[in-house]
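Working notes for the structure below.
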């Protein structure tokens, strides 16, 4: 629900809201969801979900902006069912990446192919085509789209409708600045028909309360805060409930000069004489590839002496504190696909843990991802090729 606005002051107590789109506009959004998950009203676990969203307005026609967006989601479990903090909690574990293309008109109504899973919340916010007085209310229909492929085996984007109620509430503080703000509140209450899948919701209920802030000068939404409660009564008799909070904001960071950064890091690697390390630019940012990181066979335990190499890499990473990092693990083509994915993820986590111990980043600024053998850089038919494929890549992200 996080897109740019035009704010036009009419008087001290009257405002006009409408979307403004400019071809070529780019912005990034970071959101964090903290939720408690209950199964049959018993706490299952507490989790955090990190969403990174990159948006570009590619075209504007008749007041509609055509948007191209990439949504990256990552998760981590913070507490188990006993309420105890998980030992060894580190960065966020990569979950999914979604691409989406859609149009939005000046009042906020979305036009999008039904095949897309993102954005989740649609036609929120939308505005009436009139001036709005301070504390004035309005309402409009909206809906959420959920990805239930992994949880329930439902392959198509799952739509949940609702009616949203709005109120313009005036100026409110956000991170030591004052912004115009409005509230968005909606309830869900439905008994949807069954769908094809392992499971399906027989009844859905939910309550969502949001406060949205935006910047008059920039003419775009700057942040939102939300509390929510969402309950599914499932076809197998279970009740699954999510309770939590969400927060999102525009990320203000300079565009990453990838070529320059890659050259700088390459120079530092040569100066520090770090063996078996290469640097390249990638879509996400700049990647440092640690070839043949030493682990015990079929294990995520590093061999003695490997920390010395990581100490030097940590020294380099500390020079770019404003950028988050992705630690990706890769294996050679051996064993089962499931085993390779598990091992690569565990090895990435081992490297991330060590970087955290060196205070390279805080745990909320590291994402961990296992690729298994899906991205080989050499021939797996040779020992030398397999050695090169057993690697960990640390990517300095565009953010």
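Just so you know, all these numbers are worked out from the coordinates, no wet-lab data involved. Treat the numbers as computed from the prediction; the structure is a model and nothing was measured. Cβ: placed from backbone, ideal geometry, glycine included. Neighbour counts: every protein chain shown.
Please report 347, 149 as a ranked list, fewest other C-beta atoms within 10 angstrom at the top and most at the bottom. Write down the numbers at each step before the final one.
On the way: 347 26, 149 15.
By the 10 Å Cβ count, ascending, the order reads 149, 347.
Could you work out the helix-only [θ] at 222 nm for the chain, with each DSSP H run of four or more residues adding -39,500 (n - 2.57) and the total divided by the number of residues, to the nearest 500 deg cm²/dmol?
After summing the helix terms and dividing by residue count, I get -4500 deg cm²/dmol.
Take residue 242, project a point 7 Å from its Cα along the Cβ direction, then tell me which residues of region 130-170 have their backbone nitrogen under 15 Å from it.
143-154, 157-161
If the viscosity is 1.567 mPa s and the temperature 4 °C, what translational diffusion coefficient in µm²/s does Stokes-Einstein give for region 181-296 when Rh comes from Kirkwood over Cα pairs?
Calculated translational D: 66 µm²/s.
Please list, short to long, the whole-number percent of alpha-carbon pairs of region 330-394 in consecutive 10 angstrom bins beginning at zero.
P(r) for region 330-394, in whole percents per bin: 24, 45, 24, 7.
To make sure I understand, if each residue's beta carbon is the centre and we count other beta carbons within 10 Å, what order do 199, 310 fall in, fewest to most?
Result, fewest neighbours first: 199, 310.
Compute the helix-to-body angle for 306-317: its Cα long axis versus the longest principal axis of the chain, expressed 0 to 90° and rounded to tens.
The answer is roughly 40 degrees.
Using 0.36 nm times the number of residues separating residue 131 and residue 101, minus their current alpha carbon distance, what extension gain do you get?
7.8 nm is the gain from fully extending residue 131 to residue 101.
As I understand it, the value is the acute angle between the Cα axis of helix 337-357 and the longest principal axis of the Cα atoms of the chain; what does it come to in degrees, rounded to 10?
Roughly 90 degrees between the two axes.
Using Cα pairs closer than 8 Å and at least 6 residues apart in sequence, work out the relative contact order for the chain, in percent. Intermediate results must be reported in sequence, preceding the final value.
Working: 955 pairs, mean separation 54.2, N = 399.
Reported relative contact order: 14 percent.
Report the per residue volume, in Å³, of the convex hull enclosing the C-alpha atoms of region 144-200.
Values: hull volume 6.3 nm³, N = 57.
For region 144-200, the hull spanned by Cα atoms encloses 110 Å³ per residue.
Between 0 and 90 degrees, rounded to the nearest ten: what's the tilt of helix 258-272 against the longest Cα principal axis of the chain?
The angle comes out at about 30 degrees.
If you take the C-alpha gyration tensor of region 258-397, multiply each eigenvalue by 5 and take the square root, what semi-axes do you get, largest first, in whole Å?
The equivalent ellipsoid of region 258-397 has semi-axes of 23, 16, 15 Å.
State the extension gain, in nm to one decimal, for the chain segment bounded by residue 171 and residue 235, taking 0.36 nm per residue of separation less the distance between their alpha-carbons.
Using 0.36 nm per residue and subtracting the Cα-Cα distance, I get 18.5 nm.
Which order results if 242, 224 are arranged by neighbouring Cβ count within 10 Å, fewest first?
242, 224
Based on the mean of other Cβ atoms within 10 Å per residue, sort peptides 127-136, 101-110 so the most packed one is first.
Going from most to least packed, we get 101-110, 127-136.
Rounded to whole Å and ordered largest first, report the semi-axes of the equivalent ellipsoid of the chain derived from its Cα gyration tensor (root of 5λ).
Over the Cα atoms of the chain, the semi-axes work out to 40, 27, 19 Å.
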